[in-house]
Amino acid sequence: MNDAATRPPGRRHVLILGGTTEARRLAADLTAPPAAPRVTTSLAGRVAAPRLPAGEVRIGGFGGPQGLARWLREHAVDALIDATHPFAGTISHNAAQAAATAHVPLLALRRPGWVPARGDTWHRVGSLDEAAAALPALGRRVFLTTGRMGLAHFAHLTDLWFLMRSVDAPEPPYPPLMETLLARGPFTLEDERELLRRHRIDVVVTKDSGGAATAPKLTAAREAGLPVVIVERPPVPDGVPVVATPEAAGEWVRDLFSEATFR
């Protein structure tokens, strides 16, 4: 039984594991009147100046699944929504374990992955290591958009030149021949065309993050006839329901908090 179902009537509490555009949209939706629940968004703290959502915000880790389960209990959380980045696999598994331990309903909000279009030359791989192994046969000048946290996987590729784009500056280890571009999306198609042209890029590496904010690079690569190495996203933990939009997640919360559910 959900522990929240036994609590006295009152303002319900939603914890969003956030950091994505979808998480911010969901927080804005849930905090809008009427009858808005208490909404807390948790951010990992990896970005120096994150975009803050509506409602309450906490920053930092929980100390693993047991720490998260303890936080859920201590703060009387009635619903947990994992709206983290599709590649934030550790926190997603921690959320599944914590929700089961604390008997709190859990939902995963995941934007759909990208779908290839006619003319795309995609090479799907299962990991950053596989992406690095594929590169020498595909090009010499690499546009790397997998984030600053995974650069060590490419550090041994001393003969390739990398353009790395991220919100914050990277820390070593990283490839010796690398230029860093600090930027935050969304990016326009014209911007991406010019970037590929100016830096003479001949292969693009990205994660299957989905969404529109960074999708123009795929269109620009298709137009230029460039290969794209795409790291496939990890699966959502078994048994966790998944929705694709903040609107669907909001409906899930409202249905959960209906009188029929919490009577």
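Do any residues in the stretch 107-124 that are on the phi > 0 side of the Ramachandran plot have Cβ atoms under 9 Å from those of residues that are surrounded by 14 or more Cβ atoms within 10 Å (Cβ to Cβ) and not in a loop (DSSP other than H, G, I, E, B), where the two are at least six apart or on different chains, and which pairs are they?
Final answer for the pair search is 119/222.
Which residue, of 202, 208, is within 29 Å of residue 83 (Cβ to Cβ), surrounded by 14 or more Cβ atoms within 10 Å (Cβ to Cβ) and touching a residue at least 12 places away in the same chain (Cβ under 8 Å)?
Details: 202 fails: within 29 Å of residue 83 (Cβ to Cβ).
Just a single option satisfies the conditions, and that option is 208.
Looking only at the stretch 218-228, decide whether some residue is in a strand (DSSP E or B) and either closer than 12 Å to residue 114 by Cβ or in contact with a His (Cβ under 9 Å, 6 or more places away or on another chain) (or both).
Taking the stretch 218-228 and keeping what is in a strand (DSSP E or B), we get 227-228.
Checking the rest, the ones that are also either closer than 12 Å to residue 114 by Cβ or in contact with a His (Cβ under 9 Å, 6 or more places away or on another chain) (or both) come to 227-228.
Yes.
Before we move on, is residue 76 out of contact with any helix residue (DSSP H, G or I) (no Cβ under 6 Å at 6 or more places or on another chain), farther than 21 Å from residue 236 by Cα and in contact (Cβ under 8 Å) with a residue 40 or more places away in the chain?
For residue 76, the condition - out of contact with any helix residue (DSSP H, G or I) (no Cβ under 6 Å at 6 or more places or on another chain), farther than 21 Å from residue 236 by Cα and in contact (Cβ under 8 Å) with a residue 40 or more places away in the chain - is met.
Within the bounds of the stretch 172-191, is there any residue that is surrounded by fewer than 14 Cβ atoms within 10 Å (Cβ to Cβ) and among the basic types (Lys, Arg)?
Checking the stretch 172-191: at least one residue is surrounded by fewer than 14 Cβ atoms within 10 Å (Cβ to Cβ) and among the basic types (Lys, Arg).
Would you point out the residue of the stretch 229-253, among those that are β-branched (Val, Ile, Thr), touching a Lys or Arg at 6+ places or on another chain (Cβ under 9 Å) and assigned to a loop (DSSP other than H, G, I, E, B), that is farthest from residue 138 (Cα to Cα)?
Initially, the stretch 229-253 is screened for residues β-branched (Val, Ile, Thr), giving 229-231, 236, 240, 242-243, 245, 253.
Filter once more, so that each one left must be touching a Lys or Arg at 6+ places or on another chain (Cβ under 9 Å): 229-231, 236, 242-243, 245, 253.
In the following step, the residues that additionally are assigned to a loop (DSSP other than H, G, I, E, B) were identified as 236, 245.
Values: 236: 30, 245: 35 Å.
The residue in question is 245.
Do any strands (runs of 3 or more DSSP E) entirely within the stretch 1-95 hold 3 or more residues that are modelled with pLDDT under 95, of a type in the set (Ser, Thr, Tyr) and surrounded by 14 or more Cβ atoms within 10 Å (Cβ to Cβ), and if so, which? Explain how you work it out, then say what you get.
Numbers: elements: 13-17, 38-43, 56-59, 79-82.
Passing ranges: none, list empty.
For residue 158, which of the numbered conditions (1) β-branched (Val, Ile, Thr); (2) at pLDDT 95 or above; (3) crowded, with 19+ Cβ neighbours inside 10 Å fails to hold?
Here residue 158 clears every test but (3).
Do you know which of the residues in the stretch 161-171 that are at pLDDT 95 or above and aliphatic (A, V, I, L, M) is surrounded by the most Cβ atoms within 10 Å (Cβ to Cβ)?
Residues of the stretch 161-171 at pLDDT 95 or above: 161-164.
Among the residues that remain, those that are also aliphatic (A, V, I, L, M) are: 163-164.
Details: 163: 20, 164: 23.
Within the stretch 161-171, the match that is surrounded by the most Cβ atoms within 10 Å (Cβ to Cβ) is 164.
Taking the stretch 128-154 only, how many residues are in contact with a strand residue (DSSP E or B) (Cβ under 7 Å, 6 or more places away or on another chain) and without any contact (Cβ under 8 Å) to a residue 12 or more places away in the chain?
0
The values are calculated or read from the model by the stated rules, or taken from the named source; none is laboratory data. Because the structure is a prediction, the values reported are computed rather than measured. Note that each Cβ is placed from the backbone with ideal geometry, even for glycine, and that neighbours are counted across all protein chains shown.
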